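**Student:** Below you will find the structure I want to go over with you.
The values are calculated or read from the model by the stated rules, or taken from the named source; none is laboratory data. Since this is a predicted model, take the numbers as computed values, not measurements. Cβ: placed from backbone, ideal geometry, glycine included. Neighbour counts: every protein chain shown. Side chains are part of the model used for accessible areas, which takes the heavy atoms of the whole protein and leaves out ligands, DNA and RNA. Shrake-Rupley method; radii C 1.70, N 1.55, O 1.52, S 1.80 Å.
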Amino acid sequence: MSIMELEQEQHEDALDPAKRTSLHPSPPAHEILDPEKPPQHQPRSPWNDDPPPDGGVAAWSVVFGAWCAMFCSFGWINSIGTFQAYYETTLLPQYSASTIAWIPSLEVFFMFFMGPIVGFLSDTLGARIVITTGALLHVFGLMMASLSTQYYQILLAQGVCSAMGLCAIFQPCMSAIPSWFRRRRGAAYGIIASGSSVGGIVFPIMMSRLIGSVGFPWTMRIAAFLITGLLVVTCLTVRGRGAGAGSGKRPAMDREALLRPYREVKMRFLVAGFVLLTFGIYIPTDYVETSAISDGMSLDLAQYVVPMVNAGSIIGRMAAGFLSDAVGTYNIFLLVGAVTGILILGLWIPAATDAENITFAVLYGITSGAYFSLPAALVAKLAPLPEIGYWTGVLYLFSSIGGLTTNPIAGAILALDHGSYTGMKIFSGLLLLAGTMLVLVTRIRQTGWVFHAKF
């Protein structure tokens, strides 16, 4: 067996006691277990646990709790466009659209920026403690937003407090999955990620209807009550297993462990790819509705374009997860990443009619689903199991740069083009393709130029 094949098998079978590599410097450092030796003669690792069950009531209850978390976190983020319009026209009309846009931008930024801290706490304290803290922050932020009347109050409550809670909710859930699933890991991630799509359908429609009927304060409180109920389920069901990420049984991380993801070349390319992908992926999500309106779509129809994106994303996220188990996580991610970039350049740019814009919205939702469903699964191929939470946090940390600056950059391009969306669409499509190519480098460094390798 070649060194490359051995390395791939070690990552793929990271939880198998017969094929595990200890990645902690002591005791012993990077020593490969020999499957030919009997168990009593195997070198011991502090993380030697049984393989993940890949099913059962406990494992699927974790998936259900994580689904609820994604509904309340990314599903909520997908509804922030509703608030942008309300703040511009009603609550904060004295502020410019670009100033108000910092509220959702900060929300996305803090949701990702806190990743390494949340990942570290999840790995060392356990997922449940971190998720409970995040739920309290998220709900508290929404309740404070319901009482807010000034710009700085909304910015702190919704853009900072709630967003920090969101990070502490979704990331421990994603990091806990590898300790429960290996062969069905992609399917589990796909099911979980569909929760954010369902939330992205429910929240925008619910918020727009409730604001008109009961007002903004009670709309925020009703949303907070719904989120509280779902997050109670999350807190009761999600936990790590054994000494895996999110279990709270991992020894304190030393300096070597903290620096490990930065020293791993494959991880560097993966992070760089996700930085570019984040710049590109949120532009259609944020501007597909206004672009359709500029093409002549009625306001009554345009308000359903984002829910159409999220409806398509349900299919895309679940399909990407299930297919990744069959053909490889990186393989399916690279395929749909390239297709998404081509779709933007080939369909969204020339789109001019309602039918073309709706077709793009649905197809984009389907193809972009892998970006939201597979990041933790991609990291799990590279990271030691007990450090997956921290490594995933590093990925989200650098992705937060795109989350913070995408809207301002896209708005600047739109202004330079005097209201034409073509330049913005080209920017989005090219960055998606460039980011996908960097992720491809990670796969090549792992498998070589082997087209049919499952990775």
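**Student:** Taking the Cα centre of region 252-454 as the origin, how large is its charge dipole in debye, to the nearest 20, when only Lys and Arg (+1) and Asp and Glu (-1) carry charge on their Cβ atoms?
**Tutor:** Computed about the Cα centre, the dipole is about 940 debye.
**Student:** In the chain, what is the count of Lys pairs whose alpha carbons are under 20 Å apart, counting only pairs at least 8 residues apart or on separate chains?
**Tutor:** 6
**Student:** If you don't mind, another one. Using θ = phi - 60° and the Karplus form 6.51 cos²θ - 1.76 cosθ + 1.60, what ³J(HN,Hα) does each residue of region 223-230 get, whole Hz, x for Gly and Pro?
**Tutor:** Per residue, the Karplus-derived 3J(HN,Hα) values read 4, 5, 5, 4, 5, 4, x, 5 Hz.
**Student:** Let me ask something else. Based on the Cβ-Cβ distance from Thr290 to Val232, what FRET efficiency comes out when R0 is 30 Å, to the nearest 0.05?
**Tutor:** 0.25
**Student:** Please compute the contact order of the chain in relative form: average sequence separation of alpha-carbon pairs under 8 Å and at least six residues apart, divided by the residue count, as a percent. It would help to have the intermediate numbers written out before the result.
**Tutor:** Numbers: 849 pairs, mean separation 109.2, N = 455.
Relative contact order here is 24 percent.
**Student:** Picking from Phe140, Ser399, His418, whose Cα lies most toward the positive end of the charge dipole for the chain (charges on Cβ: Lys, Arg +1; Asp, Glu -1)?
**Tutor:** The residue sitting farthest along the positive end of the dipole is Phe140.
**Student:** Another question, then. So what is the 222 nm mean residue ellipticity for the chain from helices alone, if each DSSP H run of at least 4 adds -39500 (n - 2.57) and you divide by all residues, rounding to the nearest 500 deg cm²/dmol?
**Tutor:** So the helix-based figure for the chain works out to -22500 deg cm²/dmol.
**Student:** Let me spell out the model: positive unit charges on the Cβ of Lys and Arg, negative unit charges on the Cβ of Asp and Glu, origin at the Cα centre of the chain. What dipole size does that give, in debye rounded to 20?
**Tutor:** Charge dipole, the chain, about its Cα centre: 760 debye, nearest 20.
**Student:** Okay, which of region 333-357 sit inside 15 Å, backbone N to the point 7 Å along the Cα-Cβ direction of Leu301?
**Tutor:** Counting only backbone N, you get 351-357.
**Student:** What FRET efficiency do you get for Arg268 and Thr99 if R0 is 35 Å and r is their Cβ-Cβ distance, rounded to the nearest 0.05?
**Tutor:** 0.50
**Student:** Residues of region 256-374: accessible area per residue at 1.4 Å, in Å²?
**Tutor:** Averaged over the residues of region 256-374, the accessible area is 35 Å².
**Student:** What's the long-distance tail for region 315-451, i.e. % of Cα pairs beyond 22 Å?
**Tutor:** 45 percent
**Student:** Mind checking the angle between helix 265-294 and the chain's longest principal axis? C-alpha axes, 0 to 90 degrees, to the nearest 10.
**Tutor:** Between the helix axis and the principal axis of the chain, the angle is about 20 degrees.
**Student:** About its Cα centre, what dipole magnitude does region 54-241 give when the only charges are +1 on Lys and Arg Cβ and -1 on Asp and Glu Cβ, stated in debye to the nearest 20?
**Tutor:** 580 debye
**Student:** Could you give each residue of region 110-117 its phi-based ³J(HN,Hα) in whole Hz, using Karplus coefficients 6.51, -1.76, 1.60 with θ = phi - 60°, and x for Gly or Pro?
**Tutor:** 5, 4, 9, 4, 7, x, x, 5
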